[in-house]
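Below is one structure; the comments refer to it alone.
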Amino acid sequence: MLELGAGTGRTVLPVARAGIEIDALDIAEEMRLYLTEKLQREPEHVRKKVRILAGDMTSFSLPDHYRLIQIPFRSFLHNTGPEAQLACLRQCHAHLEPGGLLAFDVFLPSEDYMSAFEGDYEGLFRTDAPYPLPDGGFLLLSEWNDYDRQAQTVRAVHRYELLARSGGIDQSLYQILDLAFLYPHDLQRLLTAAGFTDITLLSDFTDQPVGPETRDVAVMARRP
Ligand SMILES: C[S@@+](CC[C@H](N)C(=O)[O-])C[C@H]1O[C@@H](n2cnc3c(N)ncnc32)[C@H](O)[C@@H]1O
């Protein structure tokens with residue numbers, strides 16, 4: 001199988017440990033290096049299941065065809081416009097065996113969700129509950145989102161703070177992400193245009209259909 005936007009291998013390594021061959025493609029050299037280091041700490045039977053590949057999910061060209069291509073953790077949304085989205089899906093289609101499956105997930109911000117973080121509150125960070133760390137400290141994640149409904153993009157600013165037991169901030173890190181957001185009809189249209197059939201959209205990693213409360217859409221589609 002193939003994973004696009006494989007990152008640090010969060011999902012690649014469990015697949016390889018389960019004995020399945022996986023090609024892990026990512027555009028970012030630092031991510032590939034991190035995954036390489038993690039892989040070196042694995043036993044040989046796991047290491048030999050993984051190939052780390054440099055590439056752009058909109059334009060990659062590999063000699064193999066796969067039964068499964070996955071794009072987990074919303075990585076497909078790094079394609080911020082319809083051209084890039086369609087190009088990525090076309091590449092997936094071209095790299096699947098006939099009958100092969102494409103699986104990915106996207107978030108689905110409702111109108112209520114978007115408007116809750118706009119207007120008077122624009123510019124404020126929203127903070128999650130502190131996440132306890134083994135050394136007694138905490139990780140604090142805050143985020144600020146700016147939605148462009150016309151372009152269907154969101155600029156997400158994530159702030160990570162490592163809080164020491166004493167309450168001091170040991171480290172603070174900002175990450176700025178430009179992502180797309182897509183609605184079920186966009187997904188249907190794009191997948192159909194790229195030649196996919198048997199399109200299934202499920203809600204929040206359950207077997208339920210997408211509804212008004214859905215936050216994440218799990219997408220599956222087949223190459224005929
Ligand atoms: C949210 S991370 C997901 C990592 C991993 N799939 C996971 O589930 O933990 C997104 C990854 O997509 C990669 N990425 C972004 N744009 C890309 C592109 N055009 N082609 C390939 N990889 C891309 C980033 O470098 C990053 O490693």
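Quick notes on this structure:
- For the stretch 128-179, the equivalent ellipsoid derived from the Cα gyration tensor has semi-axes of 29, 9, 7 Å, listed largest first.
- With distances taken between every two different alpha-carbon atoms, the chain has a Kirkwood hydrodynamic radius of 19.2 Å.
- For the chain, the share of accessible area belonging to carbon and sulfur comes to 53 percent (1.4 Å probe, ligands and nucleic acids excluded).
- When the P(r) of the stretch 109-224 is calculated, the portion above 19 Å amounts to 62% of the C-alpha pairs.
- Heavy-atom surface of the stretch 1-72, accessible at 1.4 Å and reported per residue (Å²): 55 Å²
- Label zone at Glu30, where the point sits 7 Å out along the Cα-to-Cβ direction: the stretch 52-68 residues whose backbone N lies under 15 Å: none
- Length released on extending from Leu133 to Asp178, taking residue separation times 0.36 nm less the Cα-Cα span: 13.3 nm
- The stretch 128-179 - percent relative contact order, Cα under 8 Å, separation 6 or more: 30 percent
- Over the chain, DSSP H runs of length four or greater, each weighted -39,500 (n - 2.57), average out per residue to a 222 nm ellipticity of -6500 deg cm²/dmol.
- Highest-MSF residue in the chain out of Gly136, Gly211, Gly100 [GNM, Cα springs under 10 Å]: Gly136
- Square roots of 5 times each gyration tensor eigenvalue, C-alpha, the stretch 32-155, largest first, Å: 33, 25, 11
- Spin-label pair Ser166/Glu213, simplified geometry with 7 Å Cα→Cβ offset, distance in nm: 4.5 nm
- Dimensions (Å) - the stretch 160-224, Cα atoms, principal axes, largest first: 57, 24, 21
- The residues of the stretch 136-202 have, on average, 54 Å² of accessible surface per residue, using a 1.4 Å probe with all protein chains present.
- Radius 13 Å from Cβ of Pro212, net charge of other residues (Lys, Arg +1; Asp, Glu -1): -3
- Under the simplified labelling scheme, the Asp198-Arg126 pair shows an inter-label distance of 3.6 nm, with each label point 7 Å from Cα along Cα→Cβ.
The values are calculated or read from the model by the stated rules, or taken from the named source; none is laboratory data. Here the structure is a predicted model, which is why all the values come from computation and not from measurement. Please note: Cβ atoms are built from the backbone with ideal geometry, for glycine as well, and neighbour counts cover all protein chains shown. Only protein heavy atoms, including side chains, enter the accessible area calculation; ligands, DNA and RNA are left aside. Shrake-Rupley method; radii C 1.70, N 1.55, O 1.52, S 1.80 Å.
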